[in-house]
Amino acid sequence: MVKIDLVERENHVYSLRAKVFYRIRNDILNGVYKPGEVLVEKKLCEALGVSRTPIREAMMQLEHEGLVQSVPNKGVIVRGISTKDIEEIYAIRMMIEGFAAKLAVENITKEDLDELKEAIDLQEFYTTKKDKEHLIKFDLRFHEIILRAARSNPLIDLQRTFNHYVQKIRVSSYKTPLRAQEALKEHKAILDAIINKDAQLAEKLTVEHIKNAANAYKN
């Protein structure tokens, strides 16, 4: 019984640490805390209803990810996502997702293809409705299915490590007029290349698609 209690206690502590970390990270990525803003430990404790320990552990992890910076005599300052970070994220996406599309041509199943077609149909529906929230959801779904269809655990692990950044940037890239229609057209072309078993074209079109998303974000 004692051992079980200890395990449950450890799991609770880990869960609390994770919740605090993800909450603060999401708030930084969503602009609740702005770059240059000082994160006051006491205020975070009161806002999240936790002690100082999980807050301090979250700050250490956030600093490791580059989202905050500990400055002597000032405290923990929000760094956020820099222009350089964004450029690097898009460059990494081009490599990971381009290669994933190439592998997907070789490994995709009928079930995967059916899901891709459904994701595009729903993306098209919400594009006509100008429903940005659902549109982004099925945009993300399209890319997730291709990544899964690649059947490559290393690629999935790489994507998972910075997926929270990608989601934030994906939302911002849709602020450009007509980007939704362009992205839909690009997705359809990628799907056609996969259906036609053209691995090189699928990779090329995916890289171009991500480049276009990067340009939309910059504009």
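Some points to look at:
- The alpha carbons of the stretch 14-129 occupy a box of 56, 32, 30 Å along the principal axes, longest dimension given first.
- Note on residue 43 and residue 196: their simple-model spin labels are 5.6 nm apart, each label 7 Å out from Cα toward Cβ.
- With K and R counted +1 and D and E -1, the other residues having a Cβ less than 12 Å from that of residue 111 yield a net charge of -1.
- The label-point distance for residue 15 and residue 82, in a model that sets each label 7 Å from Cα toward Cβ, rounds to 3.8 nm.
- Rounded to the nearest 0.05, the FRET efficiency derived from the C-beta distance between residue 56 and residue 218 at R0 = 30 Å is 0.25.
- Helices assigned as whole DSSP H runs in the chain whose Cα atoms extend at least 30 Å along their own long axis and whose mean Kyte-Doolittle hydropathy is 0.0 or higher are found at 83-107.
- Value at 222 nm in deg cm²/dmol, rounded to 500, when DSSP H runs of n ≥ 4 in the chain each add -39,500 (n - 2.57): -26000 deg cm²/dmol
- Cα Rg over Rh - the stretch 105-156, Kirkwood: 1.05
- Within a Gaussian network of the chain (alpha carbon springs, distance under 10 Å), most fluctuating of 209, 164, 64: 64
- Simple spin-label estimate for residue 172 and residue 34 gives 1.5 nm between the two label positions (7 Å along the Cα-to-Cβ direction from each Cα).
Bear in mind that the values in this text are calculations on the coordinates, not laboratory data. Note that the structure is a prediction, hence the values are computed from the model and not measured. Neighbour counts are summed over all protein chains in view; Cβ atoms, including those assigned to glycine, are modelled from backbone coordinates with ideal geometry.
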